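Data block below; observations after.
No value in this document is a laboratory result; all are computed from the given coordinates. Worth saying up front: this structure is predicted, and the values here are computed from it rather than measured. Ideal geometry is used to build each Cβ from the backbone, glycine not excepted, and the neighbour counts take in all protein chains shown.
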Amino acid sequence: MKSLRFEKKSNLKRQSARTVLFALLLLGHMASTLSAQTEKDSISSVEEMIQEVDTARAYTGDAEQAQKFQKDTIKETPNDFSPLDIGSNRGIFILSANKLLQLRILGSVRANFHYSDDDLEGKETFNPFDIPTASSFNTPIYYAGYSQTRLGFEITRRTMTRGDIFVRLEGDFNSSSGGFRVRHAYGEIGRFLVGMTWSLTNNVGYQPAMVSSDGAVGSIGLRTPQIRYSHKFSDKMGYSLGLEYSKPQIQIPDSIGASAIQVIPDLMARLTYNSDRLSLRFSGAFTTISGRVFNNTIEYAPGYLASLAGIISSVKGGNLYFSFSAGHATSHFMDTFNGKSQDLVYNSDQRSFVPLDYWAGYISYSHDLPQNFSASLSLGYSDIDNKDFQLDRNFNNSYNTLLNLFWDPAEGARLGLEYAHGKRVDKGDDSGYSNRISLLMYYDF
């Protein structure tokens, strides 16, 4: 009896063990199946999430979709679009998978060649400020360069509540050392712009295409870090207000301990009018020039600039451009004087810095010709009101004449030929002349 009970208990234990083992195997199988299904669902949900929000997955988009994105607002009118800027229809447009982000890759391969009867400081432009005076001989020079080659990116990201956010980054190789230089780096949302781009006083859109990068004397092509607010009264009129950063340029003798600094930002304003026949821009700047002098005290001096630029279309079948600017201690805004330390000059007798007054302007006429040719003639003049204590070798006035011929052999490709003549006159009436023939070739991809 005991052995039977023992045998029954043994059988019961074996059955229980089989039942537990079977249950464990069943649970393991169910867990494995559930895990695989969960993993599959998880992978599926991740892929769906990536498809929904991952803007790194780029697809080339069609032109119709690209047109739905916000355009660069500084290119909506002729106001801030230089004739040699890369066209809005050039580049590679890429859309994200969810079509909420657009990337535009743009670039331009550029080469320029020139022969000049004098070796001027600027190789990419023709600035008569650099013409030597009272010289008995000239130094002819041939030059070829690529530094105007450009590369840039534009990104437009669509938001749910703020509209489109636009960002632009563009550079070239035209730094003083020949390395990469940032030309534009800014973002736009609504009516606000923050970053570096053309100053509100610029007149780059109010001149024809010219091989010389600074154009006619009187051009303003300064780019500044800024905060800008813009608004349109109507389709024809609008205004912009801004805070900009531009460091004053001052003649500081080595014998004194002084330095130019920026304490208060430049206050900027611009009013524009655009119609089919007439485009006008009035802009102004008020600056506070700051300097650390002598005993490390900071002194301030006011400066201002007023400028009027315009385009009259369909004049004898062409366009008439003009610009006139005048200022006080703000000459660094002008291309002719930028980098020449003509804002303030030092009076050693009174041990003080004295502001200089100046004015500059140009007039240009351009006309389209058959076979995709165009030609233009530009005349520019600049003048500085010298002080009695300044030396006779100081700059007094200059002019230049630019004759340009451009040909567009194919979409995106352009050739420009320019003849430039200029003269510089010093305070003591010494003068100098210079001539240059230049060729510019480029392709915007």
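Once the Cβ-Cβ distance between Y245 and R277 is put in as r, and R0 is 41 Å, what FRET efficiency do you end up with, to the nearest 0.05?
Plugging the Cβ-Cβ distance into 1/(1 + (r/R0)^6) gives 0.65.
Going by how many other beta carbons lie within 10 Å of each one, how would you line up D266, D408, D130, fewest first?
If I rank by nearby Cβ atoms, fewest first, I get D408, D130, D266.
Alpha carbon centre of the range 236-285 versus the range 334-399: separation in Å?
About 16 Å separates the Cα centre of the range 236-285 from the one of the range 334-399.
Go ahead and run the numbers for FRET between D119 and L379, Cβ-Cβ distance against an R0 of 25 Å, rounding to 0.05.
So the FRET efficiency works out to roughly 0.55.
Y143 versus D429, label points 7 Å from Cα toward the beta carbon: distance in nm?
Distance between label points: 3.2 nm.
Ranking F166, F445 by Cβ neighbours within 10 Å, fewest first, what do you get? Please report the intermediate quantities before stating the final value.
Details: F166 21, F445 13.
In order of increasing Cβ crowding within 10 Å: F445, F166.
What is the distance, in nm, between label points placed 7 Å from the Cα along the Cα-to-Cβ direction at A413 and at S255?
About 6.0 nm, to one decimal.
Please give the length that would be gained between T297 and I437 if that part of the chain were fully extended, namely 0.36 nm times their separation in residues minus their C-alpha to C-alpha distance (nm, one decimal).
Contour length minus the Cα-Cα distance gives 45.5 nm.
Using only Cα atoms, figure out Rg for the range 107-444 and give it as a multiple of 2.2 N^0.38 Å.
Normalised Rg, Cα atoms only: 1.04.
For every other residue with a beta carbon closer than 13 angstrom to the beta carbon of N394, add +1 if it is Lys or Arg and -1 if Asp or Glu, then tell me the sum.
-2
Using a 7 Å offset from Cα along Cα-Cβ at L320, what residues in the range 278-302 end up with backbone N under 15 Å from the label point?
278-280
Quote to one decimal, in nm, the extra length available between N347 and H421 on full extension: 0.36 nm per residue of separation minus the C-alpha distance between them.
Stretched out fully, the N347 to H421 stretch lengthens by 23.3 nm.
On a C-alpha basis, how far is the centre of the range 87-114 from the centre of the range 312-330 in Å? Whole number, if you could?
With the range 87-114 and the range 312-330 each reduced to a Cα centre, they are spaced 31 Å.
Past 26 Å, Cα to Cα, is the threshold; run K123/K340; K99/K232; K316/K423; K232/K316; K387/K423; K123/K247 against it and keep the listed order.
K99/K232; K316/K423; K232/K316
Can you work out the Karplus-derived ³J(HN,Hα) for every residue in the range 233-245? Use 6.51 cos²θ - 1.76 cosθ + 1.60 with θ = phi - 60°, whole Hz, and x for glycine or proline.
Using θ = phi - 60°, the values come out as 6, 7, 5, 9, 10, x, 9, 9, 10, x, 10, 10, 10 Hz.
Please work out the ratio of the alpha-carbon Rg of the range 126-185 to 2.2 N^0.38 Å and round it to two decimals. Don't skip to the answer; put the middle values down first.
Numbers: Rg = 20.2 Å, N = 60, 2.2 N^0.38 = 10.4 Å.
The reported ratio for this selection is 1.94.
Quick one: order H332, H421 by neighbouring beta-carbon count within 10 Å, fewest to most.
Ordered from fewest to most neighbouring Cβ atoms within 10 Å, H332, H421 come out as H421, H332.
Return the distance in nm (one decimal) between the two label points of a simple spin-label model at S135 and R393, each offset 7 Å from Cα along Cα→Cβ.
1.3
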